[in-house]
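Read the structure below first, then the notes.
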Amino acid sequence: AIIATSSRTLYHWDVDQEDMRRMVQKMRTVPGCEIMLNGVNRSYLESKDEYFRSWIMDSYGTKCQITEDLLSVDDQVVSLSFYHSGHQVDTAFRDFIEEWQDRYSVVTAGTMWLDVHRQDVNKGRAIEELQDSLEVTPEETMDFGDQRNDIEMMGRAFYSYAVENALPEVK
């Protein structure tokens with residue numbers, strides 16, 4: 001939902017502000033759920049769990065800000081990520097998925113994460129935008145993937161590889 005270099009944002013596709021608010025409010029009621037808003041400038045957490053906060057900030061290398069209230073964030077939100085501590089994303093978030101899948105791309109990333117962004121946005125679209133702006137063809141592109149959120153991207157590169165531990169549908 002965002003293409004950026006270390007110094008500037010090239011493209012971004014925002015989530016509707018009111019929809020974002022409704023999603024956050026709904027997911028706050030799900031036990032074991034942590035919410036991360038991904039904005040143009042950084043990601044945002046309101047988690048009180050120190051282990052989770054340090055895991056996100058240290059392990060993922062995410063430029064992240066802790067906030068008291070995600071709904072007060074002043075940034076353009078490009079995606080939402082929902083983590084489930086029980087590694088039961090499909091089960092724990094079933095109602096959410098059913099409610100939003102017709103309006104947004106709601107994609108699992110492993111057993112712990114559910115990513116939400118506009119339907120017209122995916123890694124394939126990002127690769128296509130980069131290819132166009134850099135005048136690079138699919139035959140000059142290589143990618144690697146492992147999760148469902150990589151499938152569209154893998155269709156944009158001639159040299160496309162699923163890693164050994166990739167989901168069967170990705171392979």
Members of the stretch 130-147 that are of a type outside the set (Asp, Glu), assigned to a strand (DSSP E or B) and open to solvent by less than 70 Å² (accessible area, probe 1.4 Å): 145
Output the residue which, of all residues in the stretch 21-58 that are closer than 13 Å to residue 71 by Cβ and in contact with a Leu (Cβ under 7 Å, 6 or more places away or on another chain), is surrounded by the fewest Cβ atoms within 10 Å (Cβ to Cβ). 21
Among the listed residues 121, 106, 77, 89, identify the single one that is modelled with pLDDT of 95 or more and crowded, with 16+ Cβ neighbours inside 10 Å. 77
Restricting attention to the stretch 98-132, which residues are among the β-branched types (Val, Ile, Thr) and touching a residue at least 24 places away in the same chain (Cβ under 8 Å)? 107, 108, 111, 116, 121, 127
If you take the residues of the stretch 48-74 that are of a type in the set (Ser, Thr, Tyr) and at pLDDT 90 or above, which of them is nearest to residue 15 (Cα to Cα)? 72
Of the conditions (1) open to solvent by less than 40 Å² (accessible area, probe 1.4 Å); (2) in contact with a Lys or Arg (Cβ under 7 Å, 6 or more places away or on another chain), the single one that residue 66 does not satisfy is (1)
Boolean, residue 127 is open to solvent by 30 Å² or more (accessible area, probe 1.4 Å), of a type in the set (Val, Ile, Thr), closer than 18 Å to residue 37 by Cα and at pLDDT 90 or above: no
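Would you point out which residue out of 91, 111 is polar (S, T, N, Q) and in a loop (DSSP other than H, G, I, E, B)?
Result: 111 is the single residue among 91, 111 that is polar (S, T, N, Q) and in a loop (DSSP other than H, G, I, E, B).
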What number of residues in the stretch 19-61 are more than 11 Å from residue 77 (Cβ to Cβ) and in a helix (DSSP H, G or I)? 14
Within the stretch 1-24, which residues are within 26 Å of residue 92 (Cβ to Cβ) and in contact (Cβ under 8 Å) with a residue 40 or more places away in the chain? 1, 15, 17, 19, 20, 21, 23, 24
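The values are calculated or read from the model by the stated rules, or taken from the named source; none is laboratory data. Keep in mind the model is a prediction, meaning the values are calculated, not measured. A quick note on method: Cβ atoms are made from the backbone with ideal geometry, for glycine too, and the neighbour counts reach across all protein chains shown. All accessible areas refer to the heavy atoms of the entire protein, side chains included, with ligands and DNA or RNA removed. Shrake-Rupley method; radii C 1.70, N 1.55, O 1.52, S 1.80 Å.
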